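Here's the structure we're looking at; comments come further down.
Read-outs throughout are calculated quantities, based only on the coordinates presented, and are distinct from any laboratory measurement. On a predicted model such as this, the values are computed, not experimentally measured, just so you know. Reconstructed Cβ throughout: ideal geometry from the backbone, glycine too, with neighbour counts over all protein chains shown.
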Amino acid sequence: MKLPSDHKILMPYLTGGAVADWTDHLRALIDAGADAIEIGLPFSDPTLDGATIQEATHAALTRGATLRGILTRVSEVAGTVPLVASTYANLVVRDRDFCGNLRDAGFDGLIVPDLPLEECAEFENQDLDLVLLASPATTDERLDEIARRSRGFVYAVTVMGTTGERETLAASAADLARRLTNRCELPVLLGFGISTPAQAAQAAQLADGVVIGAAIMRRVLDGAGPAELGAYLRSIREAMDEG
Amino acid sequence: MGDLLIRPHRAPARVQLMDDPGPLGRFGEYGGRYVPESLIGACRQVEEAFRSAWADPAFRNQLAGLLATHVGRPTPLTPAVRLSAELGVTLLLKREDLTHTGSHKINNVIGQALLATRMGHKRLIAETGAGQHGVATATAAAMFGLSATVFMGERDIERQALNVFRMRMLGAEVVPVRTGARTLKDATSEAMRHWVGATEDSYYCMGSVLGPMPYPWMVREFQRVIGDEARRQCATALPTAVPDYVVACVGGGSNAAGTFAGFVDTTAKLVGVEAEGGAGASRGTLGVLHGVRSMFLQDDDGQVLEAHSIAAGLDYPGIGPEHVHLRDLGRARYVTVDDAEVVEAVVRLARTEGIVAALESAHAVAWVIRAAADGTLPAGSTVVLTLSGRGDKDISALKELL
Ligand SMILES: Cc1ncc(COP(=O)(O)O)c(C=O)c1O
């Protein structure tokens with residue numbers, strides 16, 4: 001996937017199917033300056049997600065969201081900015097056609113948090129960029145390998161914890177961002193816990209961009225429409241661009 | 001009942017079954033370490049610590065000593081005299097119900113708590129279904145002066161109130177889990193989420209042969225004391241020294257794995273008994289949950305289904321990876337029994353032998369009763385059955401049912 005290199009990258013996250021008009025939200029995020037979008041494919045047991053994304057996932061599954069349904073809707077917006085699917089290993093491992101189906105729907109990349117280096121080989125070099133994650137506890141040796149094998153970008157998890165909004169950017173983010181950007185030609189995006197424009201601006205200084213997830217899904221779950229969601233993302237965009 | 005023959009063991013002769021699964025934790029195509037990058041370091045540390053401890057005679061001696069002085073090992077191999085006569089087989093019960101805290105879970109927990117201490121951890125985290133693993137964890141924490149936090153589904157908290165009270169009395173914190181069906185699967189997810197943020201000071205004490213490498217292997221090794229003892233006891237209890245059948249109930253599969261480990265290199269046929277509504281091996285399909293690649297109950301979209309069993313300890317939609325491997329090799333077979341058969345079996349065992357078994361363990365009894373009646377177990381067969389726990393925790397549930 002091709003991510004911009006002339007400005008800081010902003011990648012909002014949206015749980016596929018969490019609300020009826022989720023593709024309107026998706027378009028609003030693109031219009032508000034998203035450089036790429038991460039779309040969560042709901043899984044019943046999201047073990048790396050905190051309360052907000054768990055709730056969004058539950059809402060999607062309760063509404064009857066299916067993989068096929070989400071892929072169909074995604075194909076309607078594909079071709080605008082890079083689209084990156086994120087889900088758990090179960091969906092990927094059980095279905096030989098999984099990566100191909102995502103590619104056909106218009107996805108450019110895939111994030112699977114519970115598919116570490118040891119387990120991901122069979123899903124690399126499919127015609128979908130497999131984005132690898134790094135955590136504050138990852139050793140330098142592993143970071144080297146992650147930097148070498150990741151495609152599209154490297155997802156730097158800022159905290160030792162689950163997804164969810166946090167008051168401040170974790171101290172561990174700076175150290176991880178430094179260690180990664182030193183050894184990585186791919187863009188490094190910081191994610192987990194980034195909620196406010198100020199945090200996004202601060203994080204963007206440390207790396208090549210940010211992922212915003214729970215802060216968006218809380219707004220969606222609280223009933224924010226596409227316009228309100230777009231306004232929120234625009235405030236993040238502006239803070240990041242002002243630096 | 002379908003195909004009742006157990007296929008002969010057809011693993012290549014040189015491959016040792018139920019051995020060290022190697023650094024990747026593979027049991028055939030199952031197992032592995034499907035955890036977020038944040039947990040890789042913690043899993044590796046546990047693996048390294050376990051490898052070194054398990055190779056250290058001082059650790060093994062200390063563990064054996066604790067199992068003798070605090071757990072009550074060795075547990076007896078009790079001939080079920082009257083039930084055997086009724087069924088026309090020779091049934092021997094491996095009495096894990098007589099251990100301290102009342103189930104086999106304590107064997108594993110004492111081992112892991114000793115390991116946690118050796119690693120310098122001060123706190124244990126655990127998931128629990130029936131509460132037996134939680135009680136064992138709370139007990140070991142008290143013994144070793146550690147703190148314990150146990151995650152338990154709200155529904156199980158209602159079903160197993162006695163064990164919740166026991167855990168709290170032992171000084172453990174019990175955290176109710178309100179997501180999903182509020183049973184073991186959800187408790188395990190929540191415990192893993194908590195672990196991601198607590199790797200520095202906390203040790204995850206997994207209760208069955210599930211989870212990422214090294215847990216399925218390590219828990220089997222800590223439970224193999226069941227099978228190793230039973231094997232020695234059979235040498236004197238049976239003229240043939242080796243039974244025809246070895247039977248155990250299967251939730252995640254730890255008591256079965258520990259039992260099978262003692263007999264896997266013999267001619268004994270190995271049978272794991274799953275709950276009708278929680279049969280990962282019998283009805284599951286390939287997937288990944290809670291860090292391990294194995295068989296899980298799931299829908300066509302890959303959403304993991306809720307298990308439903310009268311026995312909270314079997315209410316898990318998957319099975320340990322090594323069991324699936326043993327099944328694929330034809331070395332073990334997995335069968336199911338339903339709730340009604342289980343309740344009947346509890347009563348029948350109580351009235352013939354004076355033993356009130358846990359509902360989980362009664363699954364194994366129920367299969368033996370059925371298999372003896374329909375000829376699956378030929379008359380005169382010798383059977384070792386692991387009675388994984390006692391029924392005290394289930395008395396109020398049984399009161400409702402009977
Ligand atoms: C008495 C008893 N038996 C069996 C089980 C099932 O676990 P496993 O299959 O790991 O032995 C449990 C779990 O809680 C239990 O309490």
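Based solely on its DSSP helices, what 222 nm [θ] is calculated for chain B when runs of n ≥ 4 H residues each add -39,500 (n - 2.57) and the sum is averaged over all residues, nearest 500 deg cm²/dmol? Don't jump to the answer; show the numbers that get you there.
Working: 15 runs with 172 residues, N = 402.
Rounded to the nearest 500, it is -13000 deg cm²/dmol.
What are the ³J(HN,Hα) values, in whole Hz, obtained from phi via the Karplus relation 6.51 cos²θ - 1.76 cosθ + 1.60 with θ = phi - 60°, for each residue of the stretch B:346-358 in sequence order, with x given for Gly and Pro?
4, 5, 5, 5, 4, 7, 8, 10, x, 10, 9, 8, 5
Considering lysine pairs in chain B that are 8 or more places apart or on different chains, how many have Cα atoms under 18 Å apart?
Values: B:Lys94/B:Lys105; B:Lys94/B:Lys269; B:Lys105/B:Lys185; B:Lys105/B:Lys393.
Lysine pairs meeting both conditions in chain B amount to 4.
Once phi is turned into ³J(HN,Hα) by the Karplus curve 6.51 cos²θ - 1.76 cosθ + 1.60 with θ = phi - 60°, what whole-Hz value does each residue of the stretch A:168-180 show in order, with x for glycine and proline?
10, 5, 4, 4, 5, 5, 5, 5, 5, 4, 5, 4, 6
If you take the C-alpha gyration tensor of the stretch A:136-213, multiply each eigenvalue by 5 and take the square root, what semi-axes do you get, largest first, in whole Å? Don't skip to the answer; put the middle values down first.
On the way: eigenvalues 81, 31, 22 Å².
For the stretch A:136-213, the semi-axes come out at 20, 12, 10 Å.
Mind listing which trypsin sites (Lys or Arg not before Pro) in the stretch B:153-190 are in a DSSP loop and have 13 or fewer other Cβ atoms within 10 Å?
Numbers: sites: B:Arg155, B:Arg159, B:Arg166, B:Arg168, B:Arg178, B:Arg182, B:Lys185; in loops: B:Arg178, B:Arg182.
Loop-located and lightly packed - B:Arg178.
Determine, for each peptide in A:176-189, B:212-225, A:49-62, B:17-30, the mean count of other beta carbons within 10 angstrom over its residues, then list the peptides with the highest first.
Numbers: A:176-189: 19.2, B:212-225: 26.4, A:49-62: 20.8, B:17-30: 17.4.
In descending order of packing, they fall as B:212-225, A:49-62, A:176-189, B:17-30.
In Å, what is the Rg of the alpha-carbon atoms in the stretch B:52-122, and how long is Dmax?
Using the Cα atoms of the stretch B:52-122, the pair Rg, Dmax is 16.3, 53 Å.
Between helix B:132-144 and chain B, what is the angle of the helix's C-alpha long axis to the longest principal axis, kept within 0 to 90° and rounded to the nearest 10?
50
For peptide A:81-89, compute the average count of partner chain beta-carbon atoms within 10 Å of each residue's beta-carbon.
The per-residue average across the peptide is 2.
If the only charges are +1 at each Lys and Arg Cβ and -1 at each Asp and Glu Cβ, what is the size of the charge dipole of chain B around the Cα centre, to the nearest 20 debye? The partial results should precede the final answer.
Details: 40 positive and 44 negative charges, 200 e Å.
Taking the Cα centre of chain B as origin, the dipole is about 960 debye.
Taking every DSSP beta bridge that has both residues in chain B, what percent is antiparallel when rounded to the nearest 5?
Values: 16 of 51 bridges.
Around 30 percent antiparallel, to the nearest 5.
What whole-number value in cubic angstrom gives the convex hull volume per residue for the C-alpha atoms of the stretch B:221-363?
Values: hull volume 15.8 nm³, N = 143.
Per residue, the Cα convex hull of the stretch B:221-363 comes to 111 Å³.
Placing unit charges on C-beta atoms (Lys and Arg positive, Asp and Glu negative, everything else neutral), compute the dipole magnitude of the stretch A:70-164 about its Cα centre in debye, rounded to 20.
On the way: 8 positive and 16 negative charges, 50 e Å.
In total the dipole reaches around 240 debye.
Using Cα-only point scatterers and the Debye equation, what is log10 of I(q)/I(0) for the stretch A:9-242 at each q in 0.08, 0.09, 0.11, 0.16 Å⁻¹, rounded to two decimals?
At q = 0.08, 0.09, 0.11, 0.16 Å⁻¹ the computed log10 ratios are -0.25, -0.32, -0.49, -1.12.
Quote the Stokes-Einstein diffusion coefficient, in whole µm² s⁻¹, for chain B, based on the Kirkwood radius over alpha carbon pairs, a temperature of 10 °C and a viscosity of 1.306 mPa s.
77
At what distance in angstrom do the alpha carbon centres of the stretch A:34-53 and the stretch B:298-377 lie from each other?
With the stretch A:34-53 and the stretch B:298-377 each reduced to a Cα centre, they are spaced 35 Å.
Which whole-number percent is the relative contact order of chain A (Cα, under 8 Å, 6+ apart)?
Numbers: 492 pairs, mean separation 55.7, N = 243.
Relative contact order, chain A: 23 percent.
Counting only Cα atoms, I'd like the Rg/Rh figure for the stretch B:304-402, Kirkwood definition for Rh. Mind showing how you got there, number by number?
Details: Rg = 14.4 Å, Rh = 14.7 Å.
Radius of gyration over Kirkwood radius for the stretch B:304-402 works out to 0.98.
Per q in 0.09, 0.14, 0.16 Å⁻¹, report the Debye log10 I(q)/I(0) for the stretch B:20-168, using one uniform scatterer on each alpha carbon and no solvent.
Once normalised to I(0) and log-transformed, intensities are -0.38, -0.87, -1.05.
Of B:Thr352, B:Asn107, B:Ala191, whose Cα points farthest to the positive end of the dipole of the protein assembly as shown (charges on the beta-carbon: +1 Lys, Arg; -1 Asp, Glu; origin at the Cα centre)?
Checked the options; the winner is B:Thr352.
Amide H to amide H, which residues 5 or more places from B:Arg26 or on other chains are under 5 Å from it, using H placed in the peptide plane?
Amide H neighbours of B:Arg26, under 5 Å, 5+ apart: B:Gly32.
Roughly how crowded by other chains is peptide A:90-97, in terms of the mean Cβ count from those chains within 10 Å of each of its Cβ atoms? Could you put the intermediate results ahead of the total?
Values: counts 11, 6, 3, 7, 10, 5, 0, 0.
Across A:90-97, the average partner-chain Cβ count within 10 Å equals 5.
Pairs of alpha-carbon atoms within less than 8 angstrom and 6+ residues apart define the contacts here; what relative contact order does the stretch B:138-242 have, in percent? Before the final figure, lay out the partial values.
Details: 96 pairs, mean separation 20.4, N = 105.
Across the stretch B:138-242, relative contact order equals 19 percent.
Just want to confirm a number: the relative contact order over chain B, from Cα pairs under 8 angstrom separated by 6+ residues, in percent.
Values: 878 pairs, mean separation 82.2, N = 402.
Relative contact order, chain B: 20 percent.
Taking a ≥ b ≥ c as the square roots of the Cα gyration tensor eigenvalues, with a/c under 1.5 meaning rounded and otherwise prolate when a/b beats b/c, else oblate, which class fits the stretch A:1-95?
Values: a/c = 1.68, a/b = 1.54, b/c = 1.09.
Because a/c hits 1.5 or more and a/b exceeds b/c, the stretch A:1-95 counts as prolate.
What ranking do A:228-236, B:105-113 get when scored by the average of other Cβ atoms within 10 Å per residue, highest first? Before the final figure, lay out the partial values.
Values: A:228-236: 19.0, B:105-113: 28.0.
For the peptides A:228-236, B:105-113, the packing ranking is B:105-113, A:228-236.
Show me, for the stretch B:109-121, the HN-Hα J-couplings you get by feeding each phi into the Karplus relation (A = 6.51, B = -1.76, C = 1.60, θ = phi - 60°), rounded to Hz, glycine and proline as x.
5, 4, x, 5, 5, 5, 5, 4, 4, 4, 7, x, 7
Let's test this: bin the Cα-Cα distances of the protein assembly as shown at 20 Å from zero up to the farthest pair and state each bin's percent.
20, 50, 25, 5, 0
When Cβ neighbours within 10 Å are restricted to other protein chains, what is their mean count per residue of peptide A:38-50?
On the way: counts 0, 0, 0, 2, 3, 6, 14, 14, 3, 15, 9, 2, 2.
Going residue by residue through A:38-50 and averaging, the value is 5.
So if I place +1 on the C-beta of Lys and Arg and -1 on the C-beta of Asp and Glu, and nothing else carries charge, what would the dipole magnitude of the stretch B:330-402 be about its Cα centre? I want it in debye, nearest 20.
With only Lys, Arg, Asp and Glu charged at Cβ, the dipole is about 260 debye.
First check a/c for the stretch A:110-170, with a ≥ b ≥ c the square roots of the eigenvalues of its C-alpha gyration tensor; if it is under 1.5, answer rounded, and if not, answer prolate when a/b is larger than b/c or oblate otherwise.
Numbers: a/c = 2.27, a/b = 1.67, b/c = 1.36.
Prolate shape, in that a/c is at least 1.5 and a/b is the bigger ratio.
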